[in-house]
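Undergrad: Quick one: this structure, given as structure tokens, is what I'll be asking you about.
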Amino acid sequence: MRVLYIPRSSETRKRNRRRFHRALAGYVDGPEGFFEASLHGACSVTRLTLQRALALTKKQRKSFDAVIVNSRSGLEWEDPAAALAALEGFRQPVSFFQSHDRPGAIGDDALLDRFKVIFKREPFDDLSRYDISPANASKIVPTHLSNPMEPMSHRLRWRNRTSAPAEFAWQMPKDQDVFFIGTVSENRYLERMAAWQAVLDSGLPHLGGLLPKKEFAARVPDHLVTTPLPRAEYMKTLMKTRVNLALGGIGPFTFRHLELFWAGAFTLSTPTIREIRFRVPLVDGRDYVAFETPADMIDKIRHYLDHEDERNLIARNGRAAYERLHDVKAHGREIHDALTA
């Protein structure tokens, strides 16, 4: 199947030498990486910027069986009529990849009616929460963000397979009870501040803290702030920690969730993860544990510190769930089937 894919605009990405070289190698390990690797593995894909795609001749457009446009491609979605007018020249089925972090970000019927499939990162499990028609809700196919521990490529597709650390976290000796480190900005700070304050107040052995964005630093008390860890030190720390926190960010599901599942580390998460529809189920109490409030978080930390066998079983289950969830070939088949249905 020949697919024209209009990816995220390069104007929204940081430009530096490292990113330039990674782009040449075709790496797609940003938020869209898992979807894009799966798409390239299942279809014959041509990647064109929005400007180049819209400049194609009528004959060139006819060479594609389907079109997928990323929500961050540069189209002016705030003006649905204008965005749809720009896509009028494509007579084949056009689908939408809503790559935003927030589950609620999807668009309205005036926009979604145009698309054959809506590939949505981490959508709500309860589709009735969307103020869209049942017909458009039925178009939603869940996908999710990529794992930084598994860089993927749309050129080197042989790389796109599930990997594993040399040792899983549940196999390694522990020297720390609680670990979290994460960014704090306008849309992800109150919950993270409250959770980390509760850890400090508990007196439990801990490592980590918050990394406020420069423009937001004045709102975060100094005692909650830490310094960034090099990647190798970060991974070593989470592998040797008994209870790793995965606190919601812009959306409920973050890079950290995937890193912890990949590593086989016990994951204690904010509860909004339970509201998400994943490709395969992630089950609270089996694959991870969710807490309701900061006080409940501390209670659960203490419980699983005292129950190593339970903690390790959940960590192993989380890794097994990751292998089902982060399956590029399986997701590629889902994408292909949705486009051809």
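The values are calculated or read from the model by the stated rules, or taken from the named source; none is laboratory data. Everything numeric here is computed off the predicted structure, so don't read it as measured data. When we count neighbours, we look across all protein chains shown, and the Cβ atoms used for this are built from the backbone with ideal geometry, even at glycine. SASA here: full protein model, heavy atoms, side chains in, ligands and nucleic acids out. Shrake-Rupley method; radii C 1.70, N 1.55, O 1.52, S 1.80 Å.
Undergrad: What about residue 305, is it modelled with pLDDT of 95 or more, out of contact with any strand residue (DSSP E or B) (no Cβ under 9 Å at 6 or more places or on another chain) and of a type outside the set (Ser, Thr, Tyr)?
TA: For residue 305, the condition - modelled with pLDDT of 95 or more, out of contact with any strand residue (DSSP E or B) (no Cβ under 9 Å at 6 or more places or on another chain) and of a type outside the set (Ser, Thr, Tyr) - is not met.
Undergrad: Among the listed residues 322, 288, 304, which satisfies the condition of being of a type in the set (Phe, Trp, Tyr) and either over 30 Å from residue 173 (Cβ atoms) or touching an Asp or Glu at 6+ places or on another chain (Cβ under 7 Å) (or both)?
TA: Exactly one residue qualifies, and that residue is 304.
Undergrad: Okay, next question. Any chance segment 178-196 includes a residue that's over 30 Å from residue 104 (Cβ atoms) and either polar (S, T, N, Q) or touching a helix residue (DSSP H, G or I) at 6+ places or on another chain (Cβ under 7 Å) (or both)?
TA: Yes: one or more hits.
Undergrad: Among the residues in segment 266-285, are any touching a Ser or Thr at 6+ places or on another chain (Cβ under 6 Å), more than 16 Å from residue 176 (Cα to Cα) and not hydrophobic (A, V, I, L, M, F, W, C)?
TA: Within segment 266-285 (the criterion being touching a Ser or Thr at 6+ places or on another chain (Cβ under 6 Å), more than 16 Å from residue 176 (Cα to Cα) and not hydrophobic (A, V, I, L, M, F, W, C)), the answer is no, since none of the residues qualifies.
Undergrad: Residues to consider are 146, 185, 128; find the one that is closer than 23 Å to residue 279 by Cα and surrounded by fewer than 19 Cβ atoms within 10 Å (Cβ to Cβ).
TA: 128
Undergrad: Moving on. What residue, of 242, 219, is in contact with a strand residue (DSSP E or B) (Cβ under 9 Å, 6 or more places away or on another chain) and touching a residue at least 60 places away in the same chain (Cβ under 8 Å)?
TA: 242
Undergrad: Also, quick follow-up: Is it the case, given these coordinates, that residue 314 is more than 16 Å from residue 271 (Cα to Cα), among the β-branched types (Val, Ile, Thr) and either free of Cβ contacts under 8 Å to residues at least 60 places away in the same chain or surrounded by 14 or more Cβ atoms within 10 Å (Cβ to Cβ) (or both)?
TA: Yes, satisfied.
Undergrad: Among (1) closer than 29 Å to residue 200 by Cα; (2) without any contact (Cβ under 8 Å) to a residue 12 or more places away in the chain, there is one condition residue 337 misses while meeting the rest; what is its number?
TA: That leaves (1) as the condition not met.
Undergrad: Something else now. Name the residues in segment 223-235 that are part of a helix (DSSP H, G or I) and surrounded by 14 or more Cβ atoms within 10 Å (Cβ to Cβ), would you?
TA: 224, 234, 235
Undergrad: Of all residues in segment 2-51, how many are open to solvent by 60 Å² or more (accessible area, probe 1.4 Å), modelled with pLDDT of 85 or more and outside any helix (DSSP H, G or I)?
TA: 4
Undergrad: Let me ask something additional. Which numbered condition in (1) open to solvent by less than 50 Å² (accessible area, probe 1.4 Å); (2) part of a loop (DSSP other than H, G, I, E, B); (3) out of contact with any Gly (no Cβ under 6 Å at 6 or more places or on another chain) is the only one that residue 101 fails?
TA: Just one mismatch for residue 101, condition (3).
Undergrad: Name the single residue, out of those in segment 57-71 being assigned to a loop (DSSP other than H, G, I, E, B) and surrounded by fewer than 16 Cβ atoms within 10 Å (Cβ to Cβ), that is nearest to the chain's Cα centre (by Cα).
TA: Across segment 57-71, the extreme among qualifying residues is 65.
Undergrad: Also, I was wondering about something else. Of the numbered conditions (1) over 23 Å from the mean Cα position of the chain (by Cα); (2) open to solvent by 10 Å² or more (accessible area, probe 1.4 Å), residue 286 fails exactly one; give the number of that condition.
TA: Here residue 286 meets the rest and fails (1).
Undergrad: Okay, next question. Restricting attention to segment 150-171, and to residues there that are open to solvent by 40 Å² or more (accessible area, probe 1.4 Å) and aliphatic (A, V, I, L, M), which single residue is modelled with the highest pLDDT?
TA: 166
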